[in-house]
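Since every read-out is calculated from the coordinates, none of them should be taken as a lab result. These numbers were taken from a predicted model, which means no experiment stands behind them. Here Cβ is always computed from backbone atoms with ideal geometry, including for glycine, and neighbour counts include all displayed protein chains.
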Amino acid sequence: MFDLTITALSHAGEGIGRHAGRAVFVPFALPGETVRAEIIEEKKNFARARLVEIITASPDRVTPPCPHHFTISNLQSPISNSCGGCQLQHLAYPAQLVFKQQTVVEQLTRVGGFTNPLVRPILPAPAPFNYRNQAQFHLTPEGRLGFRAAQSNALVPIRECHLLPPALADLFTRLHIESAPELDRLTLRLGAEEDALIVFESESDAPEIEIDLPVSAALLRPDGASLALADRAYIVEVVRGRAFKVSAGSFFQVNTAVAELLVDQVLGALDLRGGETVLDLYSGVGLFSAFIAPHVARLIGIESFEPAVDDAAENLDEFDHVELYCAPVEAVLPLIEAPVDAVLLDPPRAGCAPEVVEALIARPAPQIVYVSCDPATLARDAKRLAAGGYALEWAQPLDMFPQTYHIECVAKFARR
């Protein structure tokens, strides 16, 4: 056990100090703080430690509203008793924004190799709490809903979650699962007009479920298909006044208010003039395609998750010039021979497959707009695109995920 001065935050929101010549990562410690820490894991060049005591607190430290978050008052409790869903509730929201802005710059510089990348000021979330339109819970053996613990795979039973909007928080308190050995996970989703959906997931045979709540419910099978158990197996989201059908297993941005800002940023980056051919890669349920289609001559969407493609077919039904392919992007992209004026990328957290970047470089479009939820994989792919002849013009962070270290970002690339 030793005293440590915290000088920075890692990209995952952990405090960083140096002790005995090594970097030491301390979750829930903040820059400027002097803390007492205890090593729990040692590596050759770094170590991880448990926060034991805060000797000098940062002026940016705040008291988290959530009782499940790790706080000064429960320092003596094992960290495995603390929820790992939020990493930054103890950091004042303006300081969270500064941290995320710096993280994007650091990742593009260190991982991407860019010198002085133009990173625009981060766009804050309209609501730092109560913003998530969906939350996935694991089930304890007793049938209680929980999240993974900080630094552990243990489950922490949850009494309340301050990221849920009131309608989902109310539904959460009314959920009582009597017996559910076959269930692996449970997701609550909220659409427009407080349209709620409970999604049950099971890796084994379909369990018998009885619902005694006035909500929709669905069973999500391992292959992604969903079965309606009560009412319907989808919700309807509304962005910029436009409705989107979203099936039980289909991806949709978790923060609807910031999703609207994201759409504006994408359209501004594309700067469409009419008559273009645009590729929408990892197109999902058609969120971006729906707003791009009115301004182009041809739109090609590629998405591998079949239920999401089915949703997109309904969401984009009014457009005759939209083509949808249900296949991995890396399988279809090399086969597209038509000249392309712009490419929109919105890959999962892991970023683009190497084959996707290779195909984009082999048949270059004048511009690429990349939507990312992980600055590290964005920086990695940006480096590959730069090596293939693209210039990074700017990156725009958005705080899609307040109270966590996750960051949404839009990046604009132009062909040299």
Residue among L344, L197, L272 with the largest mean-square fluctuation in a Gaussian network model of the chain, springs linking Cα atoms under 10 Å: L272
- prompt: So what is the calculated 222 nm ellipticity per residue for the chain, using -39500 (n - 2.57) for each DSSP H run with n of 4 or more, over all residues, to the nearest 500 deg cm²/dmol?
  reply: -6000 deg cm²/dmol
query: Could you give the distance between the Cα centres of the stretch 271-296 and the stretch 305-341, to the whole Å?
result: 11
query: Using a Gaussian network model of the chain with C-alpha springs under 10 Å, which one of L190, L220, L267 is most mobile by mean-square fluctuation?
result: L267
- request: Using label points projected 7 Å from each Cα along Cα→Cβ, tell me how many nm separate R298 and I40, to one decimal.
  value: 5.5
query: By its C-alpha gyration tensor, with a ≥ b ≥ c as the square roots of the eigenvalues, how is the chain shaped: rounded for a/c under 1.5, else prolate for a/b larger than b/c, else oblate?
result: oblate
task: Among A135, A331, A379, determine the one that fluctuates most according to a GNM of the chain built with springs between C-alpha atoms less than 10 Å apart.
output: A331
task: Using packing as a proxy for protection, rank 387-393, 304-310 so that the peptide with the highest average count of other Cβ atoms within 10 Å comes first.
output: 304-310, 387-393
query: So what's the stretch 134-237 giving for Cα Rg divided by 2.2 N^0.38 Å, two decimals?
result: 1.03
- line: Working note, the stretch 270-364: Cα radius of gyration (Å, one decimal) and Dmax (Å, whole number) are 12.4, 34
- prompt: What is the local net charge at R380, summed over the other residues whose Cβ is closer than 15 Å to its Cβ (Lys, Arg +1; Asp, Glu -1)?
  reply: -1
query: Going by the alpha-carbon gyration tensor, a ≥ b ≥ c the square roots of its eigenvalues, is the stretch 1-111 rounded (a/c under 1.5) or, if a/c is not under 1.5, prolate (a/b greater than b/c) versus oblate?
result: oblate
statement: Expressed in angstrom and rounded, the centroid-to-centroid distance over alpha carbons for the stretch 1-55 and the stretch 112-139 is 24
field: Tensor-based shape of the stretch 127-177 (alpha-carbon gyration tensor, a/c under 1.5 rounded, otherwise prolate or oblate)
entry: oblate
field: Positive dipole terminus of the chain, leading residue within L281, A395, S202 (C-beta point charges)
entry: A395
query: If you stretched the chain out fully between I336 and A353, how much longer would it get, using 0.36 nm times the residue separation minus the C-alpha to C-alpha distance?
result: 4.4 nm
